[in-house]
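Trainee: Sharing a structure, written as structure tokens. Questions coming.
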Amino acid sequence: MATRAATEHLPFGEKRDPRFFGKDILSVSQFERGDLEILFEVAHEMAEMVHRIGTFDLLKGKVLTNLFYEPSTRTSSSFVAAIERLGGSVIQINNVTFSSVSKGESLVDTVRTMEQYTDAIVLRHPEQGSAAEAAAATEKPIINAGDGAGEHPTQALLDAHTIREEMGGIDGLTITMVGDLKYGRTVHSLAKLLTLYDVRINYVSPEILRMPELLVKEVDAAGIDQIETAELGSVLPETDVLYVTRIQKERFSDTSEYEQVKDSYVITPETMLGARQRMALMHPLPRVGEITTAVDADPRAAYFRQMEYGMYTRMALLALVLGKA
Ligand code: NCD
């Protein structure tokens, strides 16, 4: 648990926001709307700074651990890019088979070791609840970069920032999530985060990959209108943000079940003909066929811009958590 008190003398110009400073980032449920406004504003400033000067020394002297027990390209490297663009550095552990984990070391012992060396730990782990377990054992901030099929809060933050930048705001929009809503942690976090806004959410999935009932209830309790369907066509014309996900092959215990649903939804240029002229097509990536490459040239295809917004969002989060925004 991150409990460090903000008592030490602060150098000139350094500000600490108590809503972020020293905090673990475990679930989107910990945020209020005002927190997000601050984060997005800082992310916007980060973008301007990167465009103007590329790298700057806001987090000079800070060291991050990137501890990844599951594969990652974007999350891992965007955290590396984020800390390095802020002048800090990173210890990258992304092949745990070459670390003491292969000797049988527990997650708790590994994170308790890494917090002796570094100022915060970004953790991706296959088990739901692992980030909370790590946070309970450590003083330094733990940033959940995906705990199994649980949550992926920093992805939801960057997704919301992307929606805001692409669509000019979030209130009033209809967001349609497509694909693996059962195992997809990005949509779990995003649906929860969107309860802070005035939106409508559509869920499009095969029957066996529906959004978990508990989550639908939680979103409903926040007063959000939701529609569940297997037919993308029935909700596409009213969609402002189409959020497509990969079927999470690695989470199926029965591979024949995966084979049945793997190609359920494929977005093509023809699909886009039925969508609004002003809309954003998003995907956390990697894609494995859910959106054909022929769609990439469509100005509504926002998934690579989404990655760029992701770096700025993670820069903002690191700056706020490490107390220098
Ligand atoms: C996602 C993840 O790991 O949950 N990827 C990411 O972080 N951008 C989505 C996925 O793997 O399908």
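The values are calculated or read from the model by the stated rules, or taken from the named source; none is laboratory data. As the structure is a prediction and not an experimental result, all values here were calculated from the model. Cβ: placed from backbone, ideal geometry, glycine included. Neighbour counts: every protein chain shown. To get the accessible areas, we keep the full protein, side chains included, count just its heavy atoms, and leave off ligands, DNA and RNA. Shrake-Rupley method; radii C 1.70, N 1.55, O 1.52, S 1.80 Å.
Trainee: Got a sec? What order do Met49, Met167 fall in by accessible area at 1.4 Å, biggest, i.e. largest, first? Please report the intermediate quantities before stating the final value.
Mentor: Values: Met49 50, Met167 20 Å².
Largest accessible area first, the list is Met49, Met167.
Trainee: Ok, one more. When the accessible area of the range 166-325 is computed with all protein chains present and a 1.4 Å probe, what percentage of it is carbon and sulfur?
Mentor: Summing carbon and sulfur atoms, their accessible area is 50 percent of the total for the range 166-325.
Trainee: What do you get for the angle between helix 33-53 and the principal long axis of the chain? Use alpha-carbon atoms, 0 to 90 degrees, nearest ten.
Mentor: Orientation of helix 33-53: about 80 degrees from the principal axis.
Trainee: Follow-up. From the square roots a ≥ b ≥ c of the eigenvalues of the alpha-carbon gyration tensor of the range 214-285, which class results: rounded (a/c under 1.5), prolate (a/b over b/c), or oblate?
Mentor: Oblate is the answer for the range 214-285, as a/c is 1.5 or above yet b/c matches or exceeds a/b.
Trainee: Further, regarding this structure: Shape call for the range 178-313 from the C-alpha gyration tensor, a ≥ b ≥ c root eigenvalues: rounded (a/c under 1.5), prolate (a/b greater than b/c) or oblate?
Mentor: Values: a/c = 1.36, a/b = 1.06, b/c = 1.29.
Rounded, because the longest to shortest axis ratio a/c is under 1.5.
Trainee: Suppose every K and R has +1 on its Cβ and every D and E has -1 on its Cβ; what is the size of the dipole of the chain about the Cα centre, in Debye to the nearest 20?
Mentor: 820
Trainee: Here is a follow-up. Springs between alpha-carbon atoms under 10 Å, Gaussian network over the chain: tell me which of Gly233, Gly184, Gly148 tops the mean-square fluctuations.
Mentor: Looking only at Gly233, Gly184, Gly148, the biggest GNM fluctuation is shown by Gly233.
Trainee: For a quick check: with amide H placed at 1.01 Å from N, whose amide H comes under 5 Å from Val122's, ignoring anything fewer than 5 positions away on the same chain?
Mentor: Thr65, Asn66, Leu67, Ile143
Trainee: What do you reckon, how do Asp171, Asp198, Asp298 stack up by accessible area (1.4 Å probe), largest on top?
Mentor: From most accessible down to least: Asp198, Asp171, Asp298.
Trainee: Next up: Find the relative contact order for the range 153-307 and round it to a whole percent, using C-alpha pairs within less than 8 Å whose residues are 6+ positions apart.
Mentor: 25
Trainee: Right, another one. Report, to the nearest 10°, how far helix 107-117 tilts away from the longest principal axis of the Cα atoms in the chain, using its own Cα long axis and a range of 0 to 90°.
Mentor: Here the helix axis deviates by roughly 50 degrees.
Trainee: Tilt of helix 153-167 relative to the longest C-alpha principal axis of the chain, in degrees (0 to 90, nearest 10)?
Mentor: 60
Trainee: Any chance you could count the Lys pairs in the chain whose alpha carbons are under 18 Å apart, treating pairs 8 or more apart or on different chains as valid?
Mentor: Lysine pair count for the chain: 18.
Trainee: With springs only between Cα atoms under 10 Å apart, run a GNM on the chain and tell me which of Lys103, Lys249, Lys23 wobbles the most.
Mentor: Looking only at Lys103, Lys249, Lys23, the biggest GNM fluctuation is shown by Lys103.
Trainee: Further question on the same structure: Excluding ligands and nucleic acids, what accessible area in Å² is computed for Tyr258 using a 1.4 Å probe, to the nearest 10?
Mentor: The accessible area of Tyr258 comes to roughly 30 Å².
Trainee: For Thr174, list long-range residues whose amide hydrogen, built 1.01 Å from N in the peptide plane, is under 5 Å from its own amide hydrogen.
Mentor: Under 5 Å from the amide H of Thr174: Arg200, Asp240, Val241.
Trainee: Can I ask one more? Can you list the GluC sites (Glu not before Pro) in the range 66-119 that are in a DSSP coil and have 16 or fewer other beta carbons within 10 angstrom?
Mentor: Glu105
Trainee: Which residue, Thr176, Thr73, Thr239, has the most motion in a Gaussian network model of the chain that connects Cα atoms within less than 10 Å?
Mentor: Answer for the Gaussian network model of the chain: Thr73.
Trainee: Using only alpha carbon pairs under 8 Å that are at least six residues apart, calculate the relative contact order of the range 230-325 and give it in whole percent.
Mentor: Working: 89 pairs, mean separation 29.1, N = 96.
Result for the range 230-325 is 30 percent.
Trainee: So what is the calculated 222 nm ellipticity per residue for the chain, using -39500 (n - 2.57) for each DSSP H run with n of 4 or more, over all residues, to the nearest 500 deg cm²/dmol?
Mentor: -11000 deg cm²/dmol
Trainee: Positive end of the dipole of the range 253-295, charges at C-beta (+1 Lys, Arg; -1 Asp, Glu), about the Cα centre: which of Thr292, Gln277, Tyr265 has its Cα farthest in that direction?
Mentor: Looking along the dipole axis, the top candidate is Gln277.
Trainee: Going by the alpha-carbon gyration tensor, a ≥ b ≥ c the square roots of its eigenvalues, is the chain rounded (a/c under 1.5) or, if a/c is not under 1.5, prolate (a/b greater than b/c) versus oblate? Could the numbers behind the result be given before it?
Mentor: Working: a/c = 1.79, a/b = 1.40, b/c = 1.28.
Taking the square roots of the gyration eigenvalues as a ≥ b ≥ c, the chain is prolate.
Trainee: So for the chain, averaging the separation of alpha carbon pairs under 8 Å that are six or more residues apart and normalising by length, what relative contact order in percent results?
Mentor: Relative contact order for the chain comes out at 22 percent.
Trainee: Oh, and also: Not counting ligands, DNA or RNA, and with a 1.4 Å probe, what is Ser205's accessible surface area in Å² rounded to the nearest 10?
Mentor: That residue has around 10 Å² of solvent-accessible surface.
Trainee: Tell me the accessible surface of Thr97 in square angstrom (1.4 angstrom probe, heavy atoms of protein chains only), to the nearest ten.
Mentor: Answer for Thr97: close to 90 Å² accessible.
Trainee: In addition: Over the chain, average the accessible area per residue using a 1.4 Å probe and give it in Å², no decimals.
Mentor: Averaged over the residues of the chain, the accessible area is 44 Å².
Trainee: For Arg16, Arg124, Arg85, write out the residues from largest to smallest accessible area, computed with a 1.4 angstrom probe and no ligands counted.
Mentor: Arg85, Arg16, Arg124
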